[in-house]
Amino acid sequence: MLLAIDIGNTNVVLGIFKNRELIHHWRIVTKQDKTEDEYGILISSLYQSAHIEMAATTGVIISCVVPPMVRTMEGLCRKFFNLTPLLVGPGVKTGMPIRYDNPHEVGADRIVNAVAAFERYRHSVVVVDFGTATTFDYVSPQGEYMGGAIAPGIGISSEALFKMASKLPRIELIKPETIIGKNTISSLQAGIVYGYIAMVDGIVNKIKREVKTDPRIIATGGMAGFIAEGSQTIEEVDNLLTLEGLWIIYEKNAIPNKEHAG
């Protein structure tokens, strides 16, 4: 079995694959100050809840955009699984040419998402990932990662507004029935939610006009379903896209991964 781990700024998403099938997945909060033992105990409890033996794990692959977490997770894998994880980054085979000025600058999660989306469609595609930041990544019809755009996520955008405007209350992010709010809360909801949807559709449409390839539009990430409900451009939502991409990249590398304790 393969354990796939995607470490983001807000959440860590874990998935277990058996015979190419994702059989379990979990989302936990990213805590940079947790030790490898604390994460190991937490992951061990998740395995127990799924009635899976940790010893049945034969490989681990990690994508990470939080550099301080890399050493912690590598240590966890060696201590609790007796495995050296495959870390997505320079030197790892993805099967996808990176047409970026400096390929090393591209976040691992963006490449993993692009690989998964192109593998699914075999067509030009834009992946919109709703995380701490919202990223837009374009893959050409030839399967090349061409680049994209990065915008603040809806959560940190709204948090900045509440922090800087002291009279505005923090609100629940729900879509109001109308764009014209009749009170402060509904006005904030209308501006934040509909404004964000308009931003997403605006960037996607601008990408489509620029590339002239009629790409498929797929969304992933914690807020993907919520934003997609009001979006005119998002065609599919897959919150497990990154895990799928990690499995694909692991298979492409196909390296022996077992360490023997000395």
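Anything in the stretch 12-26 that is in contact with a Ser or Thr (Cβ under 6 Å, 6 or more places away or on another chain) and either among the hydroxyl-bearing types (Ser, Thr, Tyr) or surrounded by fewer than 22 Cβ atoms within 10 Å (Cβ to Cβ) (or both)? List them, or say none. Correct list: empty. Only a single criterion out of (1) out of contact with any strand residue (DSSP E or B) (no Cβ under 7 Å at 6 or more places or on another chain); (2) in a strand (DSSP E or B); (3) of a type in the set (S, T, N, Q) is not satisfied by residue 63, namely (1). Kindly list, by first and then second residue, each pair from a residue in the stretch 137-165 that is closer than 24 Å to residue 108 by Cβ to a residue that is of a type in the set (Lys, Arg) and outside any loop (DSSP other than H, G, I, E, B), limited to pairs with Cβ atoms under 6 Å and residues at least 6 apart or on different chains. Every condition considered, the pairs that remain are 137/110. If you scan the stretch 69-121, which residues turn out to be hydroxyl-bearing (Ser, Thr, Tyr) and in contact (Cβ under 8 Å) with a residue 60 or more places away in the chain? Scanning the stretch 69-121 gives 84, 94, 121. With respect to residue 227, is the statement that it is closer than 30 Å to residue 162 by Cα, part of a helix (DSSP H, G or I), touching a strand residue (DSSP E or B) at 6+ places or on another chain (Cβ under 8 Å) and not aromatic (Phe, Trp, Tyr) true? Spelling it out, residue 227 is indeed closer than 30 Å to residue 162 by Cα, part of a helix (DSSP H, G or I), touching a strand residue (DSSP E or B) at 6+ places or on another chain (Cβ under 8 Å) and not aromatic (Phe, Trp, Tyr). If only residues of the stretch 100-145 that are basic (Lys, Arg) and over 11 Å from the mean Cα position of the chain (by Cα) are counted, the one that is nearest to residue 222 (Cα to Cα) is 120. Residue-level analysis places residue 156 among those that are surrounded by fewer than 17 Cβ atoms within 10 Å (Cβ to Cβ), of a type in the set (Val, Ile, Thr) and in a helix (DSSP H, G or I). Can you find a residue in the stretch 134-142 that is in the same structural domain as residue 41 (by TED's automatic domain parsing) and in a strand (DSSP E or B)? No, that holds for no residue. Once the stretch 89-124 is narrowed to residues that are aromatic (Phe, Trp, Tyr) and either in contact with a helix residue (DSSP H, G or I) (Cβ under 8 Å, 6 or more places away or on another chain) or surrounded by fewer than 22 Cβ atoms within 10 Å (Cβ to Cβ) (or both), the residue that is farthest from residue 148 (Cα to Cα) is 121. Evaluate the following for residue 47: is it assigned to a helix (DSSP H, G or I) and under 14 Å from residue 2 (Cβ atoms)? The answer is yes for residue 47. The listed residues are 66, 29, and the only one of them that is at pLDDT below 95 and surrounded by 13 or more Cβ atoms within 10 Å (Cβ to Cβ) turns out to be 66.
Looking only at the stretch 32-48, how many residues end up being out of contact with any strand residue (DSSP E or B) (no Cβ under 9 Å at 6 or more places or on another chain) and without any contact (Cβ under 8 Å) to a residue 24 or more places away in the chain?
5
The values are calculated or read from the model by the stated rules, or taken from the named source; none is laboratory data. Nothing here was measured: the structure is a model prediction, and the numbers come from that model. Reconstructed Cβ throughout: ideal geometry from the backbone, glycine too, with neighbour counts over all protein chains shown.
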